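Asks: Quick one: the structure is below, questions incoming.
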Amino acid sequence: MPAMLVVAVLAATGRVMAQSPEPGPVWPALTPAQQTEVMRFGDDYKQFIGRAKSEMTFVREVVKLLDAGGFRRWPASPGKGDVGPGSRWYAVNRDRTIAAFVIGAEPLAKGGRIINTHNDSVRLQLRPKPFRESFDIALFDTTTHGSLKNYQWVNRPLALIGRVIKTDGTEVIVDIGHDPADPVLLIADLAPHVDRDFLERRNRDVIQTEELDPILAMTRDAAAKALKDKYNLTADDFLAADLQIVPAQAPVDVGLDRQLVGAYGHDDRSNGFTAFRAILEVHSPTHTAIAYGVNNEEVNSWTTGVNSEWFRTLLAEVISAQEPAYSDLMLRHALRASRVLVSDCTTALDPVFPQPYLANGSARLGWGLVFKEYGAGREADAEFFAQIRRLFTAAGVRWQVHSYRAGYGGGTIAQWFANADIDAIDVGIGILSMHSPLEVASKADMWELFRGFKAFLES
């Protein structure tokens, strides 16, 4: 039967599926009103990401959004009255991991809709004994969190953020470098007049990891006095500290058309912000809708990462509150019946360095949300991929697919959900300058991801 006749017959019987839009730039396809919404969403994101530069500050900012959106903190001993359809909750694990959920009309034992992101980004962090001197200048001794290019962190203003827990249990919040009146930290580099002996260093070794030590003060005594005066901290207090060195720069628009955002921490707090903004829009889902942001994706899981039992325990608590009697089998069946979008950033095709990418197969900046089909065990089942494609297409969400040339690519934490017998697929947005102090993302891509998340949570 000719193709046009097939379409005519299907149309007559009401069986025509929504067609996937042709891949291409999102912005020209938007109405002026939609473009205004995209820009407003981007402005909200810039305000958020400028304050959320660590997993702890991310959780703190998300809690503000959730409190304003009518969510309540999950009780220590939940009961049946707490889990009525439409009730809105959030739970926090050690200030670094957060889950927000809206109870569905169906019990959670019949499965949920989960969006998973991660809250940590590559950074520098202090060693337990971070103070050292070199030729009388006080420096911070650092190590790295995640895979970064060391040379990108020199000669730029850096901030120190985090908290210190004193032996009496007192919590001291530290933030130096963000207030316009604050000093900043800086890692110095050699001038071109004196770097002759270092010119043979290769890309990743131009600045070695042990050389990522920012200037703290002109002398160790001056540094100690400044920390004592401002925060009442001594050197010993830093043994129990979670302090991070991050770029001090505020988020900015990139490009004359202002369609791009330059900021630290797009990977993966852009997807995290988008997920929690989406769940704010969900009120009466069929299945319990969950936005789940974890810590330590860039390194290893530990107590606040995806491998922690915390999330399973939270699901078990919800099921136990809903059901007359609870068993572990209920949780296993709930996981099996659930669906998850694991959302992380990927690298968009770089117009200056296109060599690692596929001209017709890699993500393009501004072309919508991205399905990440890397191969090597990172591909969703075809059946589930088809379901999510159909859902996004029916909702009018613009999407694209991404894969790399052979030998390139990164990993995600989707395998944890797959190992729990949950159908999972990787989605996200493409960014430029990934894992750098100033990553670049498209406002239109984040908007399409937000719309896709909302459609998924309500499905």
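The values are calculated or read from the model by the stated rules, or taken from the named source; none is laboratory data. The shown structure was predicted, so the numbers you read here are calculated from the model rather than taken from an experiment. Note that each Cβ is placed from the backbone with ideal geometry, even for glycine, and that neighbours are counted across all protein chains shown.
This table checks each residue for (1) of a type outside the set (Val, Ile, Thr); (2) closer than 23 Å to Ala420 by Cα; (3) within 15 Å of the chain's Cα centre (by Cα).
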position	(1), (2), (3)
Thr288	no, yes, no
Glu297	yes, yes, yes
Arg312	yes, yes, no
Leu315	yes, yes, no
His333	yes, yes, no
Ala348	yes, no, no
Ser362	yes, no, no
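Asks: What's the total number of residues in the stretch 74-98 that are of a type in the set (Gly, Ala, Ser) and in contact with a Leu (Cβ under 6 Å, 6 or more places away or on another chain)?
Replies: Looking only at that region, the number is 1.
Asks: Here's something else I'd like to know. Any residue in the stretch 266-280 that is farther than 15 Å from Phe417 by Cβ and touching a Lys or Arg at 6+ places or on another chain (Cβ under 6 Å)?
Replies: yes
Asks: If I go through the stretch 140-174 residue by residue, how many of them are surrounded by fewer than 16 Cβ atoms within 10 Å (Cβ to Cβ) and of a type in the set (Asp, Glu)?
Replies: Total meeting the criteria: 2.
Asks: Now a separate question. With the structure loaded, tell me whether Phe276 is under 20 Å from Ser459 (Cα atoms) and either assigned by TED's automatic domain parsing to the domain that holds Lys372 or out of contact with any helix residue (DSSP H, G or I) (no Cβ under 6 Å at 6 or more places or on another chain) (or both) or whether it fails that test.
Replies: In short, yes.
Asks: Take residues that are on the phi < 0 side of the Ramachandran plot, modelled with pLDDT of 95 or more and in contact with a Lys or Arg (Cβ under 8 Å, 6 or more places away or on another chain) and tell me which of the helices (runs of 4 or more DSSP H) falling wholly in the stretch 1-116 contain 3 or more.
Replies: Once the helices (runs of 4 or more DSSP H) in the stretch 1-116 are filtered for at least 3 residues that are on the phi < 0 side of the Ramachandran plot, modelled with pLDDT of 95 or more and in contact with a Lys or Arg (Cβ under 8 Å, 6 or more places away or on another chain), what remains is 32-51, 55-68.
Asks: Could I ask something else about it? For Thr209, which of the numbered conditions (1) crowded, with 20+ Cβ neighbours inside 10 Å; (2) assigned by TED's automatic domain parsing to the domain that holds Ile176; (3) among the hydroxyl-bearing types (Ser, Thr, Tyr) fails to hold?
Replies: (1)
Asks: Restricting the first residue to the stretch 107-121 and requiring it to be among the basic types (Lys, Arg), which pairs with a second residue that is at pLDDT 95 or above and part of a helix (DSSP H, G or I) meet a Cβ separation below 9 Å and a spacing of at least six or different chains?
Replies: Lys110/His333; Lys110/Ala334; Lys110/Ala337; Arg113/Phe456; Arg113/Leu457
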